[in-house]
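Right, one structure below, let's go through it.
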Amino acid sequence: GGSLPAERTFLFGSISGSIGSILPISERKCQFFMGLTRAINTVVPTGVGGLTHAQWRAFENGRKVAEARNLVDGDLVESFLDLPRELMQKVVAILVKDGWSSDGAGEWGGNRS
């Protein structure tokens, strides 16, 4: 709980009109969400225009292409809610295989440090 320190949060706008935010989260939550995004990418390997999510989010300026790294993509996390039930179950099965478990109340934990 509690509010986030203002100096550690970022709100930005893009040239295309998108608005985004960058927020700090705990290491444990980061590990969980990174695991969730890996599981989603395994179950749904391609998305927009037949690109992988990494290709879709990569930086490109005409001379260089670089993958996004060290951040949790909230759009990809949120996409879990739009998956058909059978794909959701596959994503959860990967999380469980990786050592994560639910307490039944929506909280996930596991043998992560």
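The values are calculated or read from the model by the stated rules, or taken from the named source; none is laboratory data. The shown structure was predicted, so the numbers you read here are calculated from the model rather than taken from an experiment. Quick reminder, even Gly has a Cβ in these numbers, built from the backbone with ideal geometry, and neighbours come from all protein chains shown.
Hey, can you tell me all the residues within segment 1-47 that are modelled with pLDDT of 90 or more and among the aliphatic types (A, V, I, L, M)?
Once the filter is applied, which keeps residues that are modelled with pLDDT of 90 or more and among the aliphatic types (A, V, I, L, M), segment 1-47 yields 11, 15, 19, 34, 36, 39, 40, 43, 44.
Among the residues of segment 57-96, which ones are in a helix (DSSP H, G or I) and either on the phi > 0 side of the Ramachandran plot or exposed (fewer than 10 other Cβ atoms within 10 Å of the Cβ) (or both)?
Once the filter is applied, which keeps residues that are in a helix (DSSP H, G or I) and either on the phi > 0 side of the Ramachandran plot or exposed (fewer than 10 other Cβ atoms within 10 Å of the Cβ) (or both), segment 57-96 yields 78, 81, 82, 85, 86.
Each row is one residue, and each column tells you yes or no for (1) exposed (fewer than 15 other Cβ atoms within 10 Å of the Cβ); (2) aliphatic (A, V, I, L, M).
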| site | (1), (2) |
| --- | --- |
| 11 | yes, yes |
| 25 | yes, yes |
| 29 | yes, no |
| 53 | no, no |
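Which of the residues belonging to segment 24-38 are closer than 17 Å to residue 68 by Cα and out of contact with any Phe, Trp or Tyr (no Cβ under 8 Å at 6 or more places or on another chain)?
Result: 24, 30, 31, 33, 34, 37, 38.
Give me the pairs: first residue in segment 68-95 and among the charged types (D, E, K, R), second residue in a helix (DSSP H, G or I) and exposed (fewer than 15 other Cβ atoms within 10 Å of the Cβ), beta-carbon distance under 9 Å, and six or more apart or on different chains, which are they?
90/42
I'd like the full set of residues that are touching a strand residue (DSSP E or B) at 6+ places or on another chain (Cβ under 8 Å) and aliphatic (A, V, I, L, M), limited to segment 50-78.
Scanning segment 50-78 gives 58, 65, 66, 68, 71.
Could you figure out which of (1) of a type in the set (Gly, Ala, Ser); (2) at pLDDT 80 or above; (3) assigned to a helix (DSSP H, G or I) isn't true of residue 54?
(2)
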